[in-house]
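Structure first, then comments.
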Amino acid sequence: MTRFDPKQLRNALASYMTGVTVVTTRSTDGTLVGFTANSFTSVSLNPPLLLVCPGNHLSSFDIFAKTTHFAVNILAEGQEAVSNIFAGSKEDRFSQINWTPDQFGCPLIDGAAAQFTCSLQNRVEAGDHHILIGQIEHYQASTKRGLGYCRDGYFSLSKERQSEAAAQGEQKFICGALIEYQDQHCLLREPAGRYLPAVELNNRSGARTSLLDHFNGLGLKVRIGPVYSIYDDVENGEHVTIFRATLLEKPALDEVELRTISQLSPDDFSRPVNADMIRRYREEHDHNQFGLYVGDAVRGEVHPSGGGGDGGKSATF
Ligand SMILES: Cc1cc2nc3c(=O)[nH]c(=O)nc-3n(C[C@H](O)[C@H](O)[C@H](O)COP(=O)(O)O)c2cc1C
């Protein structure tokens, strides 16, 4: 019997900041199970050992208590949804994510920062949890940063750093446009390849005017339409705003290349573009119904803009 209030004790322990993992296994009858865990600890390099602690409250506890193999997926920044699925979803968890089986059939989650395939080295019963010590048989690591967790919820180091950089005025403000000309789209060409017309601003305000000045300077007669995408590119420390725009006259510039929508591919840009944005643009263009994306380079929300074509509601920036 504990003499502590369990809620208060849990709160006190939760002030220890951790990463987030999803631990998975496959039962002898082929059932796949997994749960979100921050009880993960690296234990030993030689031999390579790690541990996780499944609690007896888990619906999958009996399976984990008998398993001989399991996988630990260290979630990457941006995988909060995956963590939430494995911490609570009552639906089939594995149909909601992309994964591949490891050599023992345990699910490895796509996009994780690192994945470890383990055979059980030891199991220790410890109060209402078991400690599973796994010998690492195989692992894969990426350069992605891990997702963080503490009492207040998830956190991302990139976002923390980004807001720090913004506070210190280090963030760059980039604004660009997806420019239509009749049924075609306008890219700029430079010796190294093609890029989406864009300009760096001195500060957050006046994006529309600065972009127009930039296009005028290039000799492009452009009407700037609604904002299409606003996102933080954490890796490059950039706050990016992309407008939809219309070219009013066929450009005489050699640097301007016109492409049909079906030819617009994220792979053709020499400077990185947000590939998801180009894909969304192609889809929405087919339905002439455009949304407004607000988020970061990997995660965000598309808000309906209330109309198609150039008549869409203009979001102000
Ligand atoms: C960030 C986070 C960390 C967690 N860590 C653990 C853990 O280490 N061990 C555990 O048994 N449950 C842990 N949980 C709770 C389980 O993930 C949750 O109770 C479980 O997925 C519920 O699964 P079930 O519906 O199959 O019982 C954690 C939850 C979260 C959100």
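Determine, yes or no, whether R271 is exposed (fewer than 15 other Cβ atoms within 10 Å of the Cβ) and modelled with pLDDT under 70. Yes; evaluated as a whole, the condition is true for this residue. Do the conditions hold for V222, that is, is it out of contact with any Asp or Glu (no Cβ under 6 Å at 6 or more places or on another chain) and open to solvent by less than 30 Å² (accessible area, probe 1.4 Å)? It is true that V222 is out of contact with any Asp or Glu (no Cβ under 6 Å at 6 or more places or on another chain) and open to solvent by less than 30 Å² (accessible area, probe 1.4 Å). For segment 147-183, a residue qualifies if it is farther than 21 Å from G295 by Cβ, surrounded by 12 or more Cβ atoms within 10 Å (Cβ to Cβ) and modelled with pLDDT under 85, and exactly one does: R151. Inspect segment 230-237 for any residue being modelled with pLDDT under 85 and either over 17 Å from the mean Cα position of the chain (by Cα) or on the phi > 0 side of the Ramachandran plot (or both) and give the result as yes or no. Yes: segment 230-237 contains one or more residues that are modelled with pLDDT under 85 and either over 17 Å from the mean Cα position of the chain (by Cα) or on the phi > 0 side of the Ramachandran plot (or both).
Quick check, is G30 on the phi > 0 side of the Ramachandran plot, of a type outside the set (S, T, Y) and assigned by TED's automatic domain parsing to the domain that holds A14? Yes.
The values are calculated or read from the model by the stated rules, or taken from the named source; none is laboratory data. These numbers come from a predicted model, not from an experiment. Cβ coordinates were reconstructed from backbone atoms using ideal geometry, including for glycine residues, and neighbour counts include every protein chain displayed. In case anyone asks, the SASA skips ligands and DNA or RNA and just uses the protein heavy atoms, side chains included. Shrake-Rupley method; radii C 1.70, N 1.55, O 1.52, S 1.80 Å.
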